[in-house]
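Any read-out appearing in this document is the output of simple, stated calculations on the displayed coordinates, not a laboratory observation. Note that the structure is a prediction, hence the values are computed from the model and not measured. Note that we place each Cβ from the backbone using ideal geometry, even for glycine, and neighbour counts take in every protein chain shown.
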Amino acid sequence: MALDKFGNVYVTGTSFGASTNRDYATVKYDTNGKQLWVRRYNGPVNGDDDRVNLAIRFGNVYVTGSSVGSGTKEDYATIKYSR
């Protein structure tokens, strides 16, 4: 979980997709607890993607963790979202 300078709350974790195994799931809430957006990351082969960390820097939201790649086992994936 992280807060931005405006008091918005960002929560990230792992969520099961309908047909995608585990994915990163990140939700943004305003200061009143109203959900503003939801973003999901499903890696290149619909494998298991497990978030590890969340950071807010320079007006962007970064989520990083492990992701199963094409032809590889676990890789690292970092996703950038605009606030």
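Summary of values
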| read-out | value |
| --- | --- |
| Principal axis dimensions, the chain - Cα atoms, whole angstrom, descending | 42, 27, 16 |
| The chain - percent relative contact order, Cα under 8 Å, separation 6 or more | 22 |
| Per-residue HN-Hα couplings for the range 69-83 [Karplus 6.51, -1.76, 1.60; θ = phi - 60°; Hz; x = Gly/Pro] | x, 6, x, 10, 8, 6, 10, 9, 9, 10, 10, 10, 10, 7, 5 |
| Under 21 Å from the Cα of K80 - lysines, other chains or at least 8 residues apart | K5, K28 |
| Net charge of Cβ neighbours under 11 Å - reference N8; Lys, Arg +1; Asp, Glu -1 | +2 |
